[in-house]
Amino acid sequence: MDARTGRSAGSRLCRETLERVDPASRPAVDPRELRPRVVHFGLGAFHRAHQAVYTEAAAASGADPTGIVAVAPRDAGVVGRARAQDGLFSVTTRSPAGEKPRVVGALVGALHLHDDGDELDGLLTSDATTTVTLTVTEKGYHRVPTTGVLDLADPRIAADLRLAADLRTGADLRTARPRTVPGRLAVSLANRARRSGAPLDLVSCDNLDGNGPALAGVLRDFVGASGWADADAVLEWIAANVGFPSTVVDRIVPATTDRDLDDASAALGVRDELAVTGEPYTQWVLEDAFRAERPAWEHGGARFVADVAPFQLTKLRLLNGSHSGLAYLGLAAGCRTIAEVLATPWGEGFVRGFAAEVAATLLAGGPDPVAYAESLVARFGNPAIRHELRQIGSDGSLKLPQRWVRGLREATTTSTIGEHQTLALAAWVNATRPAADGGQLFGTTDPAARDLAECWTGTPAGVTARLLTVLGAPDLADDTALTGAVEALLPGLAAGAIPLLP
Ligand code: CS2
């Protein structure tokens with residue numbers, strides 16, 4: 001009997017119980033027929049509803065029997081759940097038209113980054129592994145937000161570097177067990193370089209602009225600081241043999257709730273502790289710059305292009321940028337989910353107005369911004385998706401540099417910062433106010449929460465400038481027209497009143 005669910009193990013989704021699931025909801029492939037070619041870091045909801053689905057579709061097309069070994073960087077619980085279910089989990093596509101879970105069969109293994117370090121290193125150094133994908137969120141890269149370089153002062157990175165330095169005398173690094181993603185990848189890349197040297201691609205699927213170079217940068221920084229005698233040779237090998245294609249991933253996948261698990265389990269007839277929900281829309285654009293043989297994800301609908309930058313900027317600045325704005329405005333107004341915000345008198349207008357302002361900072365060759373904004377209004381308004389504002393509003397100090405700051409900076413040189421962008425910034429400032437319990441006012445979390453809270457202890461007039469400095473934008477902090485306009489909006493926002501902009 002499972003202590004948490006009170007059900008017997010026999011009713012758990014797994015290979016044995018699949019026959020109880022409606023045939024229309026069963027996986028498109030049998031994972032036992034797949035070859036583990038992809039190692040994925042980040043066993044969260046987004047991966048299960050996105051890359052796993054594309055990989056399964058590619059396998060089901062008959063073109064590519066690739067399976068995924070998924071790695072949980074921190075949470076050992078999810079590894080246990082994945083193993084108990086033979087890697088099977090369901091995805092429920094939520095739309096007003098109705099919903100039905102479907103079991104996905106792309107996972108062929110689940111490992112914990114630290115506890116299963118030796119097995120993971122074996123996979124990462126094996127010639128059979130050609131591709132590593134990552135959804136580890138902005139936090140997983142351990143970058144200094146203001147400069148984008150690896151944060152050598154981060155205690156977890158410093159600990160992994162000490163571990164690496166202990167092995168600098170040429171000891172076998174295969175038994176090293178770093179705890180961070182950059183540490184693990186850097187150590188295993190070095191091992192691969194020293195062994196077969198077979199090429200490999202590392203594919204970041206996180207919402208960073210230039211996510212390929214961003215990943216390459218932190219790994220180079222780690223190797224550079226490792227103290228290994230052959231660090232230069234490892235760096236040369238990486239430059240010649242490891243691809244870092246940039247990508248754009250898109251699908252709205254809210255964090256799974258207990259109710260989602262109950263709903264999926266009831267519909268399947270067996271308990272699914274790994275169920276995820278997502279919107280119908282899904283997109284994956286990848287830079288066609290792989291060094292090794294790559295999975296045939298185009299059979300699942302992925303697009304390979306020469307340059308992802310126009311798609312990446314549009315997605316980050318329009319979708320994620322307006323998402324963050326809606327989250328902070330909605331929290332001020334007492335809403336809980338994005339769909340609730342879209343139902344307010346100002347929600348849709350904010351998305352259109354924000355997009356019109358940001359359009360001037362996008363690159364040619366991407367989607368049409370007006371049509372894109374209309375699609376966002378429809379996607380965000382989907383009442384079947386319960387996407388919590390607190391989830392989107394968390395980690396603002398790591399998200400906003402690529403969602404807002406670079407665009408705002410470009411707007412100050414090419415035109416002016418628009419009213420919707422100013423309002424969004426004011427809503428973030430309002431949401432950084434410290435709560436009595438030491439957290440953030442609306443229950444969001446942020447690794448820089450302490451620095452953000454400190455900004456509120458100085459003179460009230462300088463708060464926006466201080467917060468912008470924490471975001472890595474001292475130039476915007478000096479823009480008194482901007483900070484003045486933001487501060488004029490704060491009393492209204494603190495009272496929960498959202499202005500209706502033309
Ligand atoms: C959201 C994203 O949580 C957030 O910050 O903006 O997760 C967003 O839902 C996805 O990027 C959509 O593709």
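The values are calculated or read from the model by the stated rules, or taken from the named source; none is laboratory data. Here the structure is a predicted model, which is why all the values come from computation and not from measurement. Glycine gets a Cβ as well: all are built from the backbone with ideal geometry, and neighbour counts include every protein chain shown.
Listed residues ALA24, ALA57, ALA52, ALA28; which is assigned to a helix (DSSP H, G or I), over 24 Å from the mean Cα position of the chain (by Cα) and at pLDDT 95 or above? Can you show your working first?
Numbers: ALA57 fails: over 24 Å from the mean Cα position of the chain (by Cα); ALA52 fails: over 24 Å from the mean Cα position of the chain (by Cα); ALA28 fails: assigned to a helix (DSSP H, G or I).
Criteria check complete, one pass: ALA24.
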Q: List every residue pair whose Cβ atoms sit under 7 Å apart, with the two residues 6 or more apart in sequence or on different chains, where the first one lies in region 389-405 and is within 14 Å of THR137 (Cα to Cα) and the second, anywhere, is among the acidic types (Asp, Glu).
A: SER394/ASP446; ASP395/GLU138; ASP395/ASP446; GLY396/ASP446; SER397/ASP446; LEU398/GLU138; LYS399/GLU138; GLN402/ASP209
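Could you check, for region 383-402, whether at least one of its residues is at positive phi and either at pLDDT 95 or above or touching a strand residue (DSSP E or B) at 6+ places or on another chain (Cβ under 8 Å) (or both)?
Yes, region 383-402 contains a residue that is at positive phi and either at pLDDT 95 or above or touching a strand residue (DSSP E or B) at 6+ places or on another chain (Cβ under 8 Å) (or both).
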Q. Among the listed residues ARG83, ARG94, ARG74, which satisfies the condition of being closer than 19 Å to VAL270 by Cα, among the charged types (D, E, K, R) and in contact (Cβ under 8 Å) with a residue 12 or more places away in the chain?
A. ARG83
Q) Of all the residues that make up region 378-387, how many are near the ligand (Cβ under 10 Å from one of its atoms) and either more than 17 Å from THR92 (Cβ to Cβ) or polar (S, T, N, Q) (or both)? A) 1
Q: May I ask you to list the residues in region 302-321 that are in contact with a helix residue (DSSP H, G or I) (Cβ under 7 Å, 6 or more places away or on another chain) and touching a residue at least 60 places away in the same chain (Cβ under 8 Å)?
A: ALA302, LEU316, ARG317, LEU319, ASN320, GLY321
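Is it true that GLN312 is of a type in the set (S, T, N, Q), surrounded by fewer than 18 Cβ atoms within 10 Å (Cβ to Cβ) and within 13 Å of the ligand (Cβ to nearest atom)?
Details: of a type in the set (S, T, N, Q): yes; surrounded by fewer than 18 Cβ atoms within 10 Å (Cβ to Cβ): no; within 13 Å of the ligand (Cβ to nearest atom): yes.
The answer is no for GLN312.
Kindly state which helices (runs of 4 or more DSSP H) lie completely within region 389-487 and contain at least 1 residues that are within 16 Å of the ligand (Cβ to nearest atom).
Values: elements: 389-393, 396-400, 406-414, 419-431, 449-454, 463-470, 474-477.
Fully inside region 389-487 and qualifying: 389-393, 396-400, 406-414, 419-431.
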Q | In region 249-264, residue nearest to the ligand (Cβ to nearest atom) [restricted to those that are in contact (Cβ under 8 Å) with a residue 12 or more places away in the chain and not in a loop (DSSP other than H, G, I, E, B)] | A | ASP250
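Would you check if there is a residue in region 227-248 being within 16 Å of the ligand (Cβ to nearest atom) and among the β-branched types (Val, Ile, Thr)?
Here is the first cut: in region 227-248, the ones within 16 Å of the ligand (Cβ to nearest atom) are 246-248.
Then drop every residue that is not among the β-branched types (Val, Ile, Thr), which leaves 247-248.
Taking every residue of region 227-248 in turn, at least one turns out to be within 16 Å of the ligand (Cβ to nearest atom) and among the β-branched types (Val, Ile, Thr).
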Q: Identify, from the list VAL71, VAL78, the residue that is within 25 Å of LEU120 (Cα to Cα) and buried (at least 21 other Cβ atoms within 10 Å of the Cβ).
A: VAL71
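Does at least one position in region 361-375 carry a residue that is in contact with a Gly (Cβ under 7 Å, 6 or more places away or on another chain), in contact (Cβ under 8 Å) with a residue 40 or more places away in the chain and polar (S, T, N, Q)?
Let us first name the residues in region 361-375 that are in contact with a Gly (Cβ under 7 Å, 6 or more places away or on another chain), namely 361.
Checking the rest, the ones that are also in contact (Cβ under 8 Å) with a residue 40 or more places away in the chain come to 361.
Imposing the further condition that a residue be polar (S, T, N, Q) reduces the set to 361.
Yes.
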Q: Considering only residues that are in a helix (DSSP H, G or I) and within 14 Å of the ligand (Cβ to nearest atom), look in region 358-377 and name the one that is surrounded by the fewest Cβ atoms within 10 Å (Cβ to Cβ).
A: SER375
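Within region 265-284, how many residues are within 16 Å of the ligand (Cβ to nearest atom) and either under 19 Å from THR137 (Cα atoms) or surrounded by fewer than 17 Cβ atoms within 10 Å (Cβ to Cβ) (or both)? If you could, list the steps in order and put the result at the bottom.
Within region 265-284, the first condition is being within 16 Å of the ligand (Cβ to nearest atom), and the residues that meet it are 276-284.
Next cut, either under 19 Å from THR137 (Cα atoms) or surrounded by fewer than 17 Cβ atoms within 10 Å (Cβ to Cβ) (or both) only: 276-278, 280-284.
Counting residues in region 265-284 that are within 16 Å of the ligand (Cβ to nearest atom) and either under 19 Å from THR137 (Cα atoms) or surrounded by fewer than 17 Cβ atoms within 10 Å (Cβ to Cβ) (or both) gives 8.
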Q | Checking ASP118 against (1) within 23 Å of LEU219 (Cβ to Cβ); (2) touching a Leu at 6+ places or on another chain (Cβ under 7 Å), the condition it does not meet | A | (2)
Q. Is there any pair with a first residue in region 21-41 that is over 13 Å from THR129 (Cβ atoms) and surrounded by fewer than 21 Cβ atoms within 10 Å (Cβ to Cβ) and a second that is of a type in the set (Lys, Arg) and modelled with pLDDT under 95 whose Cβ atoms are under 7 Å apart and which are 6 or more apart or on different chains, and what are they?
A. SER25/LYS100
